[in-house]
Structures are given as structure tokens and as C-alpha cells.
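Chemist: Supplied in C-alpha cells, the structure appears directly below.
Computed from the coordinates by the stated procedures, all read-outs in this text should not be read as laboratory data. Fair warning: this is a prediction, and the values are worked out from it, not measured in the lab. Methodologically, a virtual Cβ is constructed for each residue, glycine included, from the backbone with ideal geometry; neighbour enumeration extends over all protein chains shown.
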Amino acid sequence: MVAGLTNGELIAPMTYEEMMTSDFFEAWFQKFLLPTLTTPSVIIMDNARFHRMGKLELLCEEFGHKLLPLPPYSPEYNPIEAL
């Protein structure tokens, strides 16, 4: 499953059967996650290999959001990891 988390609530959840790829993640990010954010938001994201930060940062700026990458190997700062 891929999803966002805001105020303790999952947003834009989607299940997938294959291995996560950058192309799949970017499509989900653009088509499902970003449209659910109705006000400018800070999107906090870990450094998973399929998170191509440059491309995602451009998408965030296009939609009026800011991308904030977490420090490497810091799952304790990523609340969605606890679900």
C-alpha cells in the first residue's frame, strides 16, 4: 500500500501488487496525493530509492507545496512507518 498521512488520517491510499517503482510512485503522487491537498502543504518524505526527489520537488512546486526530505535512516521521524 502507498498512502499519505495527515493529522493521523490516511489520504490517497492505493494498493499495488508489484514492486514499487519510481514511475509508479510519481504517477500516484501526481494523480492521487497532490489533488487531495487543498491548501499549500509541506510534504515530508523519507529517502526510499523510488522517491526521486528532484522530480517530486518540481511537482510539489507546481501544485504550491514544499517537499521536505527526512534525514537518511530516520524512520522515527516518519509517523506513517508506525502504521
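Chemist: For the chain, with only Lys/Arg (+1) and Asp/Glu (-1) charged at the beta-carbon, what is the dipole magnitude about the Cα centre, in debye rounded to 20?
Modeler: Values: 5 positive and 11 negative charges, 32 e Å.
Charge dipole of the chain: 160 debye, to the nearest 20.
Chemist: For the chain, what relative contact order do you get, as a whole percent, if you take Cα pairs closer than 8 Å and at least 6 residues apart? Write out the running numbers ahead of the final one.
Modeler: Values: 89 pairs, mean separation 22.3, N = 83.
Over the chain, the number comes to 27 percent.
Chemist: Counting other Cβ atoms within 10 Å, which chymotrypsin sites (Phe, Trp or Tyr not before Pro) in the range 8-83 have at most 10 and lie in a DSSP loop? Each step should come with its number before you reach the end.
Modeler: Details: sites: Tyr16, Phe24, Phe25, Trp28, Phe29, Phe32, Phe50, Phe63, Tyr73, Tyr77; in loops: Tyr16, Phe50, Tyr73.
Answer in residue order: Tyr73.
Chemist: Still on this structure: What whole-number value in cubic angstrom gives the convex hull volume per residue for the C-alpha atoms of the range 2-82? Walk me through the intermediate numbers first.
Modeler: Numbers: hull volume 7.8 nm³, N = 81.
Output value, Cα hull per residue: 97 Å³.
Chemist: Arrange the following residues from fewest to most other Cβ atoms within 10 Å of their Cβ: Val42, Val2. Each step should come with its number before you reach the end.
Modeler: Details: Val42 9, Val2 17.
The most exposed by this proxy come first: Val42, Val2.
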